[in-house]
Amino acid sequence: MSSIIESSSLPLPPGNSPRDLLVEQCASALARAFADYNTEYRAITRRAPHRFEERDWRGSQRDAVERIELYEKCVNRAVAQMRNRLGEDVNERAVWSSIKRRFTMLIETLPDREFDKTFFNSVTRRTFGTVGVDAAVEFVALDFDPIAAITAQIQTSVYVNRGSLELLFEDVLTEYRFRTPYVDFERSIQIITNEVRAQLERDATASQPPLQVTQIEFIRTVFFQMTRAYVVGRISGPGWMRPFVLALKNSDSGIVIDAVMMDEDTVSILFSFTRSYFHADLTHVGQAVVFLKSILPLKAVSELYTVLGRAKQGKTERYRELFRHLQQSEDQFIHAPGERGLVMICFTLPSYDVVFKIIRDRFAYPKNVLREEVLQKYELVFKHDRAGRLVDAQEFKRLKFPVARFSAAVLEELNNEAANTVHFEGDELVIGHMYIERRMTPLNLYLRDASPRDAELAVLDYGQCIRDLAVTNIFAGDLLLKNFGVTRHGRVIFYDYDELCAVSDCRFREVPQARHEEDEMRAEAWFHVNENDVFPETFINFLGFDERLKTVFLEVHGEVMTAQWWREIQQRLQEGDVLEVLPYHRHRVHVFGSF
């Protein structure tokens, strides 16, 4: 430990050894490093109201990327700082154990101190290249519930019904104001009132009169996501409580009520694992998670932390949820339902609703992408506006699993096809790199088993999915149905990213007219095709729809099969248009239900 002694030239407090002083300095430096990150994070988040009021949507997009990239930048900075302070002893686990103990004491009274611990883990895992977990230098606590100990409630505003819903919502809108005024304050009140009455009357029956509203409670912090602001809360009366969310749009003329959401499914889609993260300046994020769990009880804590912008904490909670589940279950990992992928090995645990994806060592023909390109595409999705159509894939490194939990078929494929990524250590399987995503039903399998009506709805939403991706500058590349999944809400989501690219990088072309009959008979294209050439009119030939579903699709989405439609999207993107993909139907959201 000589280098530790030599690394400290500061005066020593009485009774403190050089090592104790260095431990104190390192623990304090790491606590400050996270505090600095958190300060920068919240400073970016606090730009959201200004972006909304100024209708600066490009600025919102830049802020979203900057905030995502901030964590990695701050962890790298902290790792370099620790290497500099500790010198050759940076890999001494005993020193780090002492730093961890002191760090625990320093953060004990902080709100969301689990965030500090996750940051500490990020630094030590980067420093040691930890495989599995190392309790000596990491905070583990797999049985820890991050919200169980939260007793204080998030700051809310409570509005009591004094006999008139109009007066109730006047109170609400009076408090939730922006520098940009409402287009028509009185009409906005009436829109909300009419929506609430319609929903309550729709649910009434002969034996059950319309529910009576006693109060509404809103989180004081407004939630911002791209072009919209959301006031999030719950509405209740005698014996009932529901989610209640107002979606606000800043139009050319001012603020308007764009949607009123009162059912769990619709609000769940808003807080979905397929959407970009909210910008909400929350002093204690855990309190917000507790509140959201009260209105979205089916949402995993990990997903709520993630969609609130704390992606690393979401990963930590996903890890805890997974390994708690492994301790409480006995089933084995099996191949995920669907066709075998050429790029990814996909497996799942039947009793747990996620899919695990590992990149193969080699890609079979006709795939010609490189591993590095696949990694870049997943990174692109992580930072891009997912528009409710791209699944959030969480990246994990160096995890250990009991070999006994894997089926023989999965083990064989991992051993034969991913030997560069996985290896065995006794009775444990070490996975060097993988992605974890929410499990969905592959669209091709869904259509095989669905009722005619459900199949038609899924096909229509598949077309809408392609459109939604396009207006956010994403071309899925491979439009085969097996690469899309259906969520429990019936939404179609794209999840196979190895062919994904930007719409702006493609050259959309019509298929040239054949010069001779022999040209049409050739297996290969008789005309020159560049790497980025795309021929939309050929898409329909590969989708595998039966005649009925093909007709349904083309009646609504036929223009998506034309090069002209894609070139028009390219033109709008080039001109700087911010094309909206909303997580709800405007205005009468509740009439349509989840979509």
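Just so it is clear, none of the values below were taken in a lab; they were calculated from the coordinates. Quick caveat, the model's predicted, so the values are computed rather than measured. Positions of Cβ are generated from backbone atoms using ideal geometry, with glycine treated the same way; all protein chains shown enter the neighbour counts.
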- In region 197-257, trypsin sites (Lys or Arg not before Pro) in a DSSP loop with at most 15 other beta-carbon atoms within 10 Å: ARG220
- Applying the span-like rule to the chain (DSSP H, Cα extent along axis at least 24 Å, Kyte-Doolittle mean at least -0.5) gives 18-45, 452-471
- Item | Potential lengthening between LEU370 and ALA35 on full extension [0.36 nm per residue; Cα-Cα distance subtracted] | 116.8 nm
- Counting only C-alpha contacts under 8 Å and six or more residues apart, can you give the relative contact order of the chain as a whole percent? 12 percent
- Mean separation of Cα contacts under 8 Å, 6 or more apart, over the residue count of region 2-128: relative contact order %: 38 percent
- Message: Restricting to Cα atoms and excluding each atom paired with itself, what does the Kirkwood estimate give for the chain in Å?
- Response: 26.7 Å
- Message: Helix-only mean residue ellipticity at 222 nm, the chain, DSSP H runs n ≥ 4 weighted -39,500 (n - 2.57), per residue, nearest 500. What is it?
- Response: -13500 deg cm²/dmol
- Relative contact order of region 156-324, defined on C-alpha pairs under 8 angstrom at six or more residues apart (%): 16 percent
- Item | Proximal charge balance of ALA502 [Cβ under 13 Å; K/R count +1, D/E count -1] | 0
- Under 14 Å from the LEU579 label point (7 Å along Cα→beta-carbon), backbone N, region 59-74: none
- Task: Based on the mean of other Cβ atoms within 10 Å per residue, sort peptides 573-580, 264-271 so the most packed one is first.
- Result: 264-271, 573-580
- Query: Given a Förster distance of 22 angstrom, what is the FRET efficiency for ASP427 paired with SER407, based on the Cβ-Cβ distance and rounded to 0.05?
  - Reply: 0.90
- Task: Under 1.5 on a/c is rounded, so check that first for region 156-324, then, if it is not, pick prolate when a/b is larger than b/c and oblate when it is not; a ≥ b ≥ c are the square roots of the alpha carbon gyration tensor eigenvalues.
- Result: oblate
- Query: Under 25 Å from the Cα of LYS293, which lysines turn up, not counting those fewer than eight places away in the same chain?
  - Reply: LYS117, LYS312, LYS315
